Amino acid sequence: MSNVSNIMNMEAVKSDSTVETLTTIQLSYGLPSLVLMISFLILMGCSKTYSNSFYRLVQLDLLTNILLYFNTWLGIRVEMHPAAVPFLKFIESTIPGLLNWFKYLTWWFMHIQFLCAANLNVHRISSIFFPAKYEKFWTRYYALFGFAFFIYSFLPTLFWFGFANEVSIINGTLSKKRNSETIVKATNVTAVFSVIYFVVILVLGLATSILVKSKVKAIGSASHENIGKKLTRIALIYCFVYTGILMWSVITALNSKMNFLPTFIVGINQNLLVFSSDLMTLSLPYILMIFDSNVRKHVFQRNTPVTSNNFGFTSFQRSS
């Protein structure tokens, strides 16, 4: 199949009431969530309460999600609004090709986002098997893991070559070239990896819960009886929020072959993409506020002493 190109005039986009409404909804929850993520990132970097390795990995996850959120606006959302197109044209005229990378990174971020989320479960599992060594290991190598995730996330995109969407200024007009074959390959590859990642997160979450419950049962301490339940909920929540990206990736890949989605759905497909992305990207600060006693103490200004962290997991580790 030849890589058929379809060139679109990005300056011809018209205002759409549906798009404007969906964007308003996205901003209503996105901006508060972004403020929370940035606040937690700074808090965990400045407060000694968050000095252990678990919170370094949480910071890595928060930083990834913050950058991903900004990229979805520059790579996907902004071009849907006529008033914002001159801004994109200014970027392209100032740094030619930069918008191509913003669009490419929408594929790239899916992989590093998964790795950061899965790494939190790996950290908890390592604390069970290596209680005396895991803290030193993660403190020393968490930055190296972040670099490895950065490199790995480029590898799945090697299944297709070139940019799926190429932005340039043609005859003074901001234009976008859609490479059909590349888009189909990218969508199919992303769908396959989404399924694999979902299974991995599910297995890691269940394994963490089972291992912790076994450890708590062996210790027999009443003070740790709720730890297994907390981690089970966390595992299930991570699986639930990841289904957003999973469902969009798989359905889009299937629709490219069978064309079963209604025209209306196809028309707002970009908005559905960002909604599914937001489900995963913006969930971490709320999960922290629900399950992490240290974060709750700072957010709600509680004066009660904190006896555990890592989602109620540190005191358990110290007892082992």
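Just in segment 1-94: which trypsin sites (Lys or Arg not before Pro) are loop by DSSP and have at most 10 other Cβ atoms within 10 Å? Please report the intermediate quantities before stating the final value.
On the way: sites: Lys14, Lys48, Arg56, Arg77, Lys89; in loops: Lys14.
The qualifying sites are Lys14.
Accessible surface area normalised per residue over segment 7-154 is 47 Å², counting heavy atoms of protein chains with a 1.4 Å rolling probe. Sites listed here are chymotrypsin sites (Phe, Trp or Tyr not before Pro) in segment 165-213 whose DSSP assignment is loop and whose Cβ has at most 16 other Cβ atoms within 10 Å, and the list is empty.
Spin-label pair Cys46-Phe154: with each label point 7 Å from Cα along the Cα-Cβ axis, the two points sit 3.5 nm from one another. Residue pairs exceeding 31 angstrom between C-alpha atoms, taken from Lys177/Lys257; Lys89/Lys257; Lys89/Lys185; Lys136/Lys185; Lys14/Lys103; Lys136/Lys215: Lys89/Lys257; Lys136/Lys185.
Averaging over every viewing direction, what projected area does the convex hull of the Cα atoms of segment 1-143 cover, in nm²?
Numbers: hull surface 51.7 nm².
Its average projected convex-hull area is 12.9 nm².
Computed from label points 7 Å out along Cα-Cβ, the spacing between Thr263 and Thr21 is 1.9 nm.
Using a probe radius of 1.4 angstrom, the carbon and sulfur fraction of the accessible surface of segment 7-296 is 72%.
Net length available on complete extension from Phe161 to Phe129 is 7.4 nm, with 0.36 nm assigned per residue and the Cα-Cα distance removed. Dividing the convex hull volume of the alpha carbon atoms of segment 7-296 by its residue count gives 146 Å³ per residue. Relative contact order, whole percent, for segment 7-296 stands at 23, derived from Cα pairs under 8 Å and 6 or more residues apart. Remark: C-alpha extents of segment 74-214 on the principal axes read 66, 29, 27 Å, sorted largest to smallest.
The values are calculated or read from the model by the stated rules, or taken from the named source; none is laboratory data. Just so we're clear, the structure is a prediction, and the values are computed from it rather than from any experiment. Note that each Cβ is placed from the backbone with ideal geometry, even for glycine, and that neighbours are counted across all protein chains shown. Quick note on the areas: whole protein, heavy atoms, side chains included, nothing else; ligands and nucleic acids left out. Shrake-Rupley method; radii C 1.70, N 1.55, O 1.52, S 1.80 Å.
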